[in-house]
1. Cα axis of helix 355-371 to longest principal axis of the chain: angle in degrees, 0 to 90, nearest 10?
2. Rank Thr30, Ile521, Ile4 by how far each Cα sits towards the positive end of the charge dipole of the chain (+1 on Lys, Arg Cβ; -1 on Asp, Glu Cβ) and give me just the farthest.
3. Does the stretch 223-482 classify as rounded, prolate or oblate by the C-alpha gyration tensor (a ≥ b ≥ c root eigenvalues; a/c under 1.5 gives rounded; else a/b over b/c gives prolate, otherwise oblate)?
4. Sort Ile95, Ile508, Ile215 by Cβ crowding within 10 Å, fewest neighbours at the top.
5. For Ala305, list long-range residues whose amide hydrogen, built 1.01 Å from N in the peptide plane, is under 5 Å from its own amide hydrogen.
6. Sort Glu100, Glu58, Glu108 so the one with the fewest other Cβ atoms within 10 Å of its own Cβ comes first.
7. Which one, Ile96, Leu327, Val391, projects farthest toward the positive side of the charge dipole computed for the chain from Cβ point charges (K/R +1, D/E -1)?
8. For Arg172 and Thr416, compute 0.36 nm times the residue count separating them, minus their Cα-Cα distance, and round to one decimal in nm.
Amino acid sequence: MIPIQKFKDIVGDAFVFTDESTMKRYARVTLPKSTTPAAVLKPSNSSEVTDIIKTAKEYHVGIYPVSRGCNWGYGSACAVGDGQVILDLSRMNRIIHVDETLAYAVIEPGVTQIQLVSYLKENNLSLWLDCSGSGPDASVLGNTLERGFGHTPYGDHFLHTCGMEVILGDGRTLKTGYGHYDNAQATHVFKYGIGPYMDGLFTQSNFGVVTRVGIWLMPAPECLNMFYCSVPRDRDLAAVVDVLRPLKLSGQIRSLIHIGNDLRVFSSFNQYPWEKAGNKTPLSDDLRQLLCKKGKFGAWNVSGAIYGTRAQVRMTRKELKKVLKPLGQIRFIGDRTLGLVNRLAGVFDRFSLFPDLKTRFQTLNKVYGLLKGEPTDAFLFGTLWRVKRSVNPESVANPLDFNAGMMWIAPIMPMTGEAAQRLIQLVNPVFEQYGFEPLVTVSLITERAMVSVITISYDRDDQNECKRAQECYDAFFSLIMSQGYAPYRTNIHTMKKLAEGSQTFWEITKEIKSVLDPEGIIAPGRYQPFDKV
């Protein structure tokens, strides 16, 4: 039994939902299969979260926390199983503190990317937030707890957090790092505190509800240059990775570097060309080549940014030219170049010239802004690749509004050309077998590792295609696991498979769960393959 009245007594009648319309809204997802909640609660502070957890424990009710529900491609706001109570933390959206001197912010789960960035601008703070491509309204904390990544030198989001407040499954409040000491002065500037380091336990887990976190912000650099290299030959992916690795290892390039194939780039700004393809899928090789030639995309397209002093940026530009010029055409864009582009765009717009170029200029501005910590919804359009009705790219703030069918699968690999080439050899046959285009990005996310985010895009209105998409996902997931390329995160339906081929690790997480949440009421099944859901 779900104690609805007790929950209403905690958060107020207006913030407890059980109506069918709300349940359907929270069951929306880009995956082929959904889960439906039993109720939705919207607390406003940590005290209410504590009372909710204590009540859920008393009545043995599963509570599934979401920050804002923008976990596109992995489950959105859905719980792992049906009948759980969604704990929507979006009302907890306070920016508690920003320290300009030490460049950090302390925030609650409901704080969005655009909210924090707007705060920094309104207060004239020369600090940047690294933003993911999940849109302005996505939660900063939510992406961090999934160990998501962005674009700048602060692109590893969990690495740049420091100090958490967590409500455990028994109702106790835990403050990590030095936060548990009275009058602690270093809670948000030194990650490790003293004793066991616990913060990582509360990412990709169901051990507690994180209600506050410290986020390190990036001081605005003197100079920024975006770079883009179009690599025409498909076989040169390995060479691209191998020439960029030394620049990452040496620290000359501190940003993330993204390497997208032609289909990934084209699908980011276009829907599937249904008319040209005669309504047939997948895209033929001939049409693929024609579209990418028209769009002037390479087989692989490298993008990233250089940050630092003007002298540092000049030096790194020389190194990038030296290593990438044999492989493709490289371009650099800074503030001055972008200003010239925008002036040209104004002239073209005034005389209604080159409408396609206008769209490209707008996209360029958004991409460049993202590299400066300005969130954009420009990349959400890419989730609509196989949606059949025509959609205005400027209108996509939420893929769920268009019933987008899209799953991401994101294996981690060592940063070698050999591993990158091996991945492509694994991807192509599976996607060809199930009739989907391999939309592939390889991102150099640390000095030694890269992740490949691969999209399975499908028509969610077609049940047969939904079935094939899930079969494609399952086949590829099994393949990468067998080859030693486990994903860096996964969707709600795959978490039960994580123990396959593993020794000891998941058994230990189960034991930790039994201590921190003995009744198992927080997010049953979330990154816990042995949970009964």
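1. 50 degrees
2. It is Thr30.
3. Oblate is the answer for the stretch 223-482, as a/c is 1.5 or above yet b/c matches or exceeds a/b.
4. Ordered by Cβ neighbours within 10 Å, fewest first: Ile508, Ile95, Ile215.
5. Result for Ala305 returns Phe227, Ser255.
6. Ascending Cβ contact count within 10 Å gives the list Glu58, Glu100, Glu108.
7. It is Leu327.
8. Here the answer is 83.4 nm.
Values quoted throughout were computed directly from the atomic coordinates according to the rules given, and no laboratory measurement underlies them. A quick note: this is a predicted structure, and the numbers were derived from the prediction, not measured. Neighbour counts are summed over all protein chains in view; Cβ atoms, including those assigned to glycine, are modelled from backbone coordinates with ideal geometry.
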